[in-house]
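Heads up, the thing below is written out as structure tokens.
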Amino acid sequence: MKRIVYLISPQKIDQDFYKSLRKVLATKKVKFFQLRLKKTSKKNIIRIGKKIKSITDKFKVKLIINDSPLITKKLKASGCHIGQTDTSIDKARKILKNKIIGVTCHSSNKLVDLAIKKEVNYIALGSFYKSKLKPNAKKANIKIIKKIKKKTKIPIVVIGGITNKNYKKLIILGANYIAISSFIWNNPLLRPEIAIKKFK
């Protein structure tokens, strides 16, 4: 069974989180887990990252660190995700050598072309729907997925307000992975290990 979920961490990580993460990853639906903590010190990210890595390793999930190639290297994580305001792709590649580098391209053809030229490992596109994680994110047109598929074989990760009701359309258009966070961690109706099972 192909794993299509690119799971992003909640904004805050408490003690209960690790137990939930184990249950979620045990469903074998997750390919990547991104640790994304914007308001946490580097020291804390490393401490949390070590705990998470022992869980992702156990379930053969690739751990991706948001923003920081140096923390990625320190944790021996699988790779790093960089946004447009973070480190450059070249700088990240220099630090990480052949590890995974994924890059946010929003819905910009220019950014996609640069990512292709720099031979990144995946391209993140979005936001396709209203997102709780990034409420002000610019909306992406669904047609961009097909357009990029014609240009490159680099995997596409789609992001932004993705739920069990709207993800299939994106996969049919050619997305390789769906990035989800709020639907799993902040779902008022479903526990994380139940929410993840909604993605077939």
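The values are calculated or read from the model by the stated rules, or taken from the named source; none is laboratory data. No experiment lies behind these values; they were computed from the predicted model shown. Cβ sites come from the backbone with ideal geometry, for glycine too, and all protein chains shown count toward neighbours. Surface areas here come from the heavy atoms of the whole protein model, side chains and all, with no ligands, DNA or RNA. Shrake-Rupley method; radii C 1.70, N 1.55, O 1.52, S 1.80 Å.
Once the convex hull of all Cα atoms in segment 76-200 is built, its volume per residue stands at 119 Å³. Counting only residues at least eight positions apart within a chain, or on another chain, the aspartates and glutamates with an alpha carbon under 17 Å from that of Lys29 are Asp57, Glu193. P(r) for segment 140-200, from all Cα pairs and a bin width of 5 Å, is 4, 18, 29, 20, 13, 10, 5, 2 %, short bins first.
Given a 1.4 angstrom probe, what's the average accessible area per residue across segment 115-200, in square angstrom?
Numbers: 4850 Å² over 86 residues.
In whole numbers, segment 115-200 has 56 Å² accessible per residue.
Once the convex hull of the C-alpha atoms of segment 118-168 is built, how many Å³ does it hold per residue, rounded to a whole number?
Numbers: hull volume 4.9 nm³, N = 51.
Spread over its residues, the Cα hull of segment 118-168 gives 96 Å³ apiece.
Annotation for segment 1-52 versus segment 73-101: alpha-carbon center distance of 18 Å.
Could you work out how much longer the chain between Asn164 and Asn141 gets when fully extended? Use 0.36 nm per residue separation minus the Cα distance between them, nm to one decimal. Show your work: numbers first, answer last.
On the way: separation 23, 0.36 × 23 = 8.28 nm, distance 1.92 nm.
Gain on extension, Asn164 to Asn141, equals 6.4 nm.
Would you work out the charge dipole size for segment 147-200 about its Cα centre, treating the Cβ of every Lys and Arg as +1 and the Cβ of every Asp and Glu as -1, and quote it to the nearest 20 debye?
Working: 12 positive and 1 negative charges, 81 e Å.
That gives a dipole near 380 debye.
For segment 1-97, the solvent-accessible area works out to 55 Å² per residue, with a probe of 1.4 Å and every protein chain left in place. Of the solvent-accessible surface of the chain, computed with a 1.4 Å probe and all protein chains present, 55% belongs to carbon and sulfur.
Pulled fully out, how much extra length does the chain show between Lys150 and Lys118, if you take 0.36 nm times their separation in residues and subtract their Cα-Cα distance?
Values: separation 32, 0.36 × 32 = 11.52 nm, distance 1.75 nm.
Length difference between fully extended and current span is 9.8 nm.
Given the -39500 (n - 2.57) contribution per DSSP H run of 4+ residues, what per-residue ellipticity at 222 nm results for the chain, rounded to the nearest 500 deg cm²/dmol? Please list the in-between numbers first.
Working: 9 runs with 75 residues, N = 200.
That comes out to -10000 deg cm²/dmol.
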